[in-house]
Amino acid sequence: MALLQISEPGMSAAPHQHRLAVGIDLGTTNSLIATVRSGMSTVLQDDFGHALLPSVVRYMPNGDIVVGHEAQAHQSEDPINTITSVKRFMGRSLNDISNKAHIPYRFVEGTDSTTTRSLQLQTRAGLKTPIEISAEILKALKARAEKSLGGELVGAVITVPAYFDDAQRQATKDAARLAGLNVLRLLNEPTAAAVAYGLDNAAEGTFVIYDLGGGTFDVSILRLSKGVFEVLATNGDAALGGDDFDHRIYCWVLDKVRETNANFSPLTEEDTRLLLTKARQAKEWLTDNFEAQIVCKLSNGTLVDVTLTASQLVEVTEHLVSKTLSPTRKAMRDAKLNLEDINGVVMVGGATRMPHIRHAVQEYFQQEPLTNLDPDKVVALGAAIQANILAGNKSDDDLLLLDVTPLSLGLETMGGLVEKVIHRNSTLPIARAQEFTTYKDGQTAMSVHVVQGERELVSDCRSLARFELRGIPPMAAGAARIRVTFTVDADGLLSVSAREQSTGIEANIAVKPSYGLTEDEITNMLKASFNSAEEDKKARMLAEARVNAGAIISSVSAALAVDGNLISATEVEAIEAEIKKLQALTTAEDATAINQAVDTLNHATEAFAAARMNASVSRALAGKNLDSINL
């Protein structure tokens, strides 16, 4: 159903002036999409009233791709082809992933002739990158929004963990491009949460955003003042989240089972996914209960029946809670703040529902954390507010976001050392330049190696890109002046240029991390998507026509069984004949013919429908006089 745009008196009522923009929280466990309606940020729901879309993608045997609740329901029986928590693999190589033995996927390291590439997952649909899998989640959210809002989106603000590095951010943008989304901006998740809290609660002061999601942890310290959101410091762990709590419960369950089963055989991939699912369910149950029963039967016949108490959960995950407080302390030091300077602590992310997480945060900051906004939804709500502004829709709030870069950016210098050009927690967007020189007499070229990280050695940092500056005039070592400029945009994405000052010779590169897709790969995928768009549209129309036909056949047949006596035998035979025609067409590949047959059946049942209505009214009024009927 399309929405009408209603304007205030004196303003243009042209509906096209309100541009449809959304905020997307592309989460590890669940994803959401939100928009601004009538000045209020709201999360969009699917046809069944679900706001959360499980970030689960399943590649079906018939070639279909299923996303969300339906895919999640089959994750234990088909773990290889049902991908969960794919966000943890974004912008990562195989070497970046720990606990591979407990992840029920078949990883393949993609390579090309020059560099290590993104990992891939082997599925029945072929090798899939995390970027392609994430794109399916974004496509589902985009379809939900366009159906709900009744038009095409002009763009989206997509949130990312504040501690996502350049490779992970670029991978997120690539996924959005594959999904057909125009990215207005990548926004750090803690900043998005602050936007929602600042505008919805009119808050001002210095706030800590403690964001523990399914796969990542971020802590950001922001100063909110009259619509200005200034990030003072950020820290975190891109490999710490609710999934790690699930894994600890999973390991605890295995230990308990082995105590009573000395000959316990190795787990299958299906068993691993089943136990991880049971672990997650137990963790969520313990949010409001004192103990959780974990019961299931493994493929080798072993019956798992253990009880996990809330106190045991605290014990087995205590070190994970401590791992969140270490970055928190570092962020406080970076911001040069004391505990008494903090006006509030905002809890973000589904994992912050765990009582012992909230207790630890309350104990550290010596104040009760803020939980009045849904921790699952607050990031999407804030992103929607920013998207509405960036799309050009008028806002009563003068909102300025001053985000920061999470990790330092620099160059490799002689000896494999890192010279930092842009330091972490620098406000975005930013451009910084630094002069370098040649190392040898007569040197006419310079190799520029761009790295990201806090360590002093290049080997301990992430390599982002390499390029060469050629044509340097031959001079004595140290005489040339090479000015290298780093520019980081509002999305946290980097470009680097090098210029020899005396000649003006310049080289530059928009950093495209080696852990993303190549431009050719993205182009080919987009072409494949465009080429199959018409075919996909026809397939969707046919599927919808068949569903509609099945529904009307079922309802009319049921009505005839109950009230067929209300019409003549000839009329019944005519209706049944139309039902048979429609049933025969449902196996055909012609959506138009099916829809026409549906219309014919509808027309054939008009008299029957009227007779049923009359009979219903007669039954309702039987035995009553006019005075007894409430009009």
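The values are calculated or read from the model by the stated rules, or taken from the named source; none is laboratory data. Predicted model only: the values in this text are computed from it and were never measured. A quick note on method: Cβ atoms are made from the backbone with ideal geometry, for glycine too, and the neighbour counts reach across all protein chains shown. Keep in mind that these areas ignore ligands, DNA and RNA; they rest on the heavy atoms of the full protein, side chains included. Shrake-Rupley method; radii C 1.70, N 1.55, O 1.52, S 1.80 Å.
In this structure, VAL253 does not satisfy being in contact with a Ser or Thr (Cβ under 9 Å, 6 or more places away or on another chain) and either within 29 Å of ASP25 (Cα to Cα) or aliphatic (A, V, I, L, M) (or both). Quick one: would you say GLU578 is over 23 Å from ALA543 (Cα atoms) and either more than 43 Å from the chain's Cα centre (by Cα) or at pLDDT 85 or above (or both)? No, not satisfied.
Taking the residues in region 96-122 that are outside any loop (DSSP other than H, G, I, E, B) and among the β-branched types (Val, Ile, Thr) as candidates, determine which candidate is modelled with the highest pLDDT. Result: VAL108. HIS603 meets each of the listed conditions (1) more than 15 Å from ALA577 (Cβ to Cβ); (2) at pLDDT 80 or above apart from (1).
Answer yes or no as to whether LEU373 is under 26 Å from PRO54 (Cα atoms), in contact (Cβ under 8 Å) with a residue 24 or more places away in the chain and among the hydrophobic types (A, V, I, L, M, F, W, C). It is true that LEU373 is under 26 Å from PRO54 (Cα atoms), in contact (Cβ under 8 Å) with a residue 24 or more places away in the chain and among the hydrophobic types (A, V, I, L, M, F, W, C). Considering each residue of region 155-178 in turn, at least one proves to be of a type outside the set (A, V, I, L, M) and closer than 17 Å to PRO375 by Cα. Checked against the criterion of being modelled with pLDDT of 85 or more and open to solvent by 50 Å² or more (accessible area, probe 1.4 Å), the candidates THR487, THR503, THR437 yield just one match: THR487.
Across region 205-237, the qualifying residues are those that are closer than 30 Å to GLU269 by Cα and in contact with a helix residue (DSSP H, G or I) (Cβ under 7 Å, 6 or more places away or on another chain), and the one among them that is most open to solvent (accessible area, probe 1.4 Å) is ASP237. For ASP246, the requirement of being of a type in the set (Asp, Glu), modelled with pLDDT under 85, more than 21 Å from HIS423 (Cβ to Cβ) and in a helix (DSSP H, G or I) is not met. Checking each residue in region 537-570 for being aliphatic (A, V, I, L, M) and either over 38 Å from the mean Cα position of the chain (by Cα) or in a loop (DSSP other than H, G, I, E, B) (or both) picks out ILE553, VAL556, ALA558, ALA559, LEU560, ALA561, VAL562, LEU566, ILE567, ALA569.
One line per residue, one yes/no per condition, for (1) at pLDDT 90 or above; (2) crowded, with 24+ Cβ neighbours inside 10 Å; (3) of a type outside the set (D, E, K, R); (4) over 14 Å from the mean Cα position of the chain (by Cα):
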position: ARG124; (1), (2), (3), (4): yes, no, no, yes
position: LYS139; (1), (2), (3), (4): yes, no, no, no
position: LYS142; (1), (2), (3), (4): yes, no, no, no
position: SER148; (1), (2), (3), (4): yes, no, yes, yes
position: GLY151; (1), (2), (3), (4): no, no, yes, yes
position: ILE158; (1), (2), (3), (4): yes, yes, yes, no
position: ASP166; (1), (2), (3), (4): no, yes, no, yes
position: LEU181; (1), (2), (3), (4): yes, no, yes, no
position: GLU189; (1), (2), (3), (4): no, yes, no, no
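All of (1) over 22 Å from SER616 (Cα atoms); (2) in contact (Cβ under 8 Å) with a residue 24 or more places away in the chain hold for GLU573 with one exception: (2). (1) closer than 11 Å to THR191 by Cα; (2) assigned to a loop (DSSP other than H, G, I, E, B): which one isn't true of ILE209, the others all being true? Just one mismatch for ILE209, condition (2). Residues that are under 12 Å from LEU212 (Cα atoms) and of a type in the set (Val, Ile, Thr) were ranked within region 312-327; the one that is farthest from the chain's Cα centre (by Cα) is VAL321. Scan region 81-90 and give yes if some residue there is in contact with an Asp or Glu (Cβ under 6 Å, 6 or more places away or on another chain), open to solvent by less than 50 Å² (accessible area, probe 1.4 Å), in a loop (DSSP other than H, G, I, E, B) and modelled with pLDDT under 90, otherwise no. Yes: region 81-90 contains one or more residues that are in contact with an Asp or Glu (Cβ under 6 Å, 6 or more places away or on another chain), open to solvent by less than 50 Å² (accessible area, probe 1.4 Å), in a loop (DSSP other than H, G, I, E, B) and modelled with pLDDT under 90. Pairing residues of region 284-302 that are assigned to a loop (DSSP other than H, G, I, E, B) with residues that are surrounded by fewer than 11 Cβ atoms within 10 Å (Cβ to Cβ), at Cβ distances under 6 Å and at least 6 apart in sequence or on separate chains, gives no pairs at all.
Of all the listed residues (ILE33, ILE65), the sole one being of a type in the set (A, V, I, L, M, F, W, C) and open to solvent by less than 20 Å² (accessible area, probe 1.4 Å) is ILE33.
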